[in-house]
Each structure stands twice: as structure tokens, then as C-alpha cells.
Amino acid sequence: MDAAVAFRGIVASVLSVLLLLSSGCGAKEPELNHVTCGSLVKLLNTRHNVRLHSHDVKYGSGSGQQSVTGVETAEDANSYWQIRGKPDRPCQRGSPIKCGQAVRITHMKTGRNLHSHHFSSPLSNNQEVSAFGENGQGDDLDVWTVQCDGVLWERDEAVRFKHVGTEVFLSVTGEQYGHPIRGQREVHGMSSPTQHSWWRTMEGVFIQPSMEPLRHDEL
């Protein structure tokens, strides 16, 4: 099956599940203690109380790729991200993500992966973080490791994301954009882990092995 068609089908399936859960028409998922492969989540920066966000707005400097920001609102559908395996090491659908595991974090609405590279971020001059690729396919700079204290990524714990290619940490330090994304916070990479680099899962659908919306093991 063509990768673009497959990815669009997967997103449509996940959206259907979200609509069923929000409307009360579908069965509620059992409580899961861990973040799992294929889960669709919002990620909250615990220091600044903003959710990781993206949209089809390009940076006006640096790479010119799709921008990644932090937003205060909890309702924005552009803040959903899917947790996926590496291109060469797919994770099994519904399997718990391990501490230290390498993952891709794919923006649901645009199909681009959370990405970083050696460009300066536009406001703080830290390292730029962007969304890159098409239909979930990008390159080796889309890979992040999940840093947590135990064996598995717990849903309620704060974790850090370290970029494999450049070793920076996904962070927010409070700088705010003006037009056309006024009030949104800059998301960037920092060379050291700080209080600005803690993230926790919030709203979302946590996939378990028995759930059927996601038809592909890797996604």
C-alpha cells in the first residue's frame, strides 16, 4: 500500500476514535498506566503550562520548515502528536514505550515529524525545532529518546525528550511570538536538561494491543 494513503487512513481511524470517545458513543478505554506505541497524545511542558503544537505555518528564518510552538489552550486539535517507532525499528502497536527508547513524534494534522537540526531558533537563538517530512516519513533527524526514571514511560510522570542527532533537549523558555502566531511560545532545543525541558502527557487516546483503530504495527 502506498505510504501516503496508509498514513491518511491511519489518521482518519484515530480521528474516528477521538470523536467516539468525546461524544460518549463508544466504549471507554480501560485505564492504562503507560504511554504506548501508536498513542495519540498532547504533551504539556510542566514549567510553562503550554502544550506542544504545530500548524502549517513556516518559519520565516532558519530552515523555513513548519514551525513548532507551545500553546496555552487545551482544546486545539493541532496539539495532537502520535508516538511511533524509529524508521528502522518499528514498535509494536500498543506496546509500552521504554525509558531510553528512541521514538518519532508525528504531528497528527500535518503528518510531519518533530525534528531538529543545526539552525538557530528565531527568538532565543537556541536550536530550532521544526516539523518535517510528509505523511509520517522524514529522516534520521526525526528521532528522540524518552528520558524517564523507571523502566517504562508512565502516563502521569514528567519526562524529557533528547534529540538523537544533535543531543539537545526539547524545551520551552517562555519567548512569545508576534504575528501571525501571536502569544504562542517558542519551542527549541537546549544543550542541557533544565526545568524547562519536562513534559507530561495530557489528553489523548492511549492505544492498547486489543484496540483496532490503528491497523499497522508500526503506527
Zone reached by a paramagnetic label modelled 7 Å from E167 Cα along Cα→Cβ, restricted to segment 83-103 with backbone N below 20 Å, covers 100-103
Counting all Cα-Cα pairs in segment 36-205, those more than 25 Å apart amount in percent to 21 percent
Carbon plus sulfur, as percent of the 1.4 Å-probe accessible area of segment 74-185, comes to 43 percent
Rounded to one decimal in nm, the spacing of the 7 Å Cα→Cβ label points at L123 and C99 is 3.2 nm
Sorted on mean Cβ neighbours within 10 Å (highest first), peptides 146-152, 35-41, 202-208 come out as 35-41, 202-208, 146-152
Under 20 Å between C-alpha atoms, the lysine pairs in segment 36-205 lying 8 or more places apart or on different chains count 9
Rounded to two decimals, the Debye log10 I(q)/I(0) of segment 37-77 (Cα scatterers, no solvent) at q = 0.17, 0.26, 0.31 Å⁻¹ is -0.55, -0.92, -1.01
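The values are calculated or read from the model by the stated rules, or taken from the named source; none is laboratory data. Note that the structure is predicted; figures quoted are calculated from it, not measured. A quick note on method: Cβ atoms are made from the backbone with ideal geometry, for glycine too, and the neighbour counts reach across all protein chains shown. Accessible surface is based on the protein model in full, side chains and every heavy atom, while ligands, DNA and RNA are left aside. Shrake-Rupley method; radii C 1.70, N 1.55, O 1.52, S 1.80 Å.
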